[in-house]
1. For the stretch 69-84, take each phi angle, set θ = phi - 60°, evaluate the Karplus expression 6.51 cos²θ - 1.76 cosθ + 1.60, and give the result in whole Hz per residue in order, putting x for glycine and proline.
2. Which value, in Å², gives the accessible area per residue of the stretch 1-46 when a 1.4 Å probe is used on the protein heavy atoms?
3. Can you give the angle from 0 to 90° between the axis of helix 3-14 and the longest principal axis of the chain, with both taken from C-alpha atoms, to the nearest 10?
4. Give the span of the stretch 1-43's Cα atoms along each principal axis, as three whole-Å numbers ordered largest to smallest.
5. How much FRET efficiency would the formula 1/(1 + (r/R0)^6) give for ARG144 and ALA106, where r is the Cβ-Cβ distance and R0 is 41 Å, rounded to 0.05?
6. Sorted by mean Cβ packing within 10 Å, highest first, what order do the peptides 58-66, 149-157, 71-79, 13-21 take?
7. Solvent-accessible area of ASP135, probe 1.4 Å, all protein chains present, reported in Å² to the nearest ten, please.
8. For the chain, which whole percent of the accessible surface, found with a 1.4 angstrom probe, sits on carbon and sulfur atoms?
Amino acid sequence: MGDEETSRLVAAAQQGDVFAMDALITELTPYVGRICASVALEHAADAMQEVFIAVFRGLRGLRTPEALYGWVRVIAVRESLRVARRHRREVAVPDLADLPADGDAALARDVADVLRRLGPEQRAVLVLRHVEGLDEQEVARLLRVPVGTVRSRLFRARQSFRRAWG
């Protein structure tokens with residue numbers, strides 16, 4: 001779907017068009033799913049549900065339809081972290097279908113296992129920096145923490161990942 005069509009759907013959904021809202025949710029689901037699966041792991045479905053509730057409730061306040069994906073990313077990270085923290089003590093293997101495999105199922109299993117061992121904050125900074133491609137300042141704004149905190153979390157997350165990988 002193009003930017004023009006997405007903007008049209010946002011405007012229609014803001015006016016209460018349920019079909020436009022349904023189309024937006026359909027368009028956003030893979031994007032939100034990737035973020036939630038990377039941070040909330042096996043609780044991604046719970047996080048996604050919370051994300052779409054927040055999107056539904058807050059869409060009327062979105063002033064710039066072109067900012068939809070950035071706005072949704074903020075919500076997805078926030079809700080994924082919240083859900084992951086709530087379930088922090090539970091440990092289970094994530095659904096490997098939700099992780100990028102580059103054609104190698106064994107690699108996907110290994111990466112999933114290592115990510116599962118990291119805390120939600122470490123997973124979030126790794127995903128935002130290395131999967132979403134955000135710079136440290138963008139990650140800091142998104143997580144509402146100082147850049148120094150992002151750098152230290154990245155350092156610790158990379159160390160933990162390397163230790164667990166080895």
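The values are calculated or read from the model by the stated rules, or taken from the named source; none is laboratory data. Predicted, not measured: the structure shown is a model, and the values here were computed from it. Backbone-built Cβ (ideal geometry, glycine too); neighbour counts: all protein chains shown. Calculation scope for accessible area: heavy atoms of the full protein, side chains included, ligands and nucleic acids excluded. Shrake-Rupley method; radii C 1.70, N 1.55, O 1.52, S 1.80 Å.
1. 5, x, 5, 5, 4, 4, 5, 4, 5, 4, 5, 5, 5, 4, 5, 5
2. Dividing the accessible area of the stretch 1-46 by its residue count gives 48 Å².
3. 70
4. Here the Cα extents, ordered largest to smallest, are 34, 20, 11 Å.
5. For ARG144 and ALA106, the calculated efficiency is 0.65.
6. Result, highest mean first: 71-79, 149-157, 13-21, 58-66.
7. 60
8. Roughly 51 percent, rounded to a whole number.
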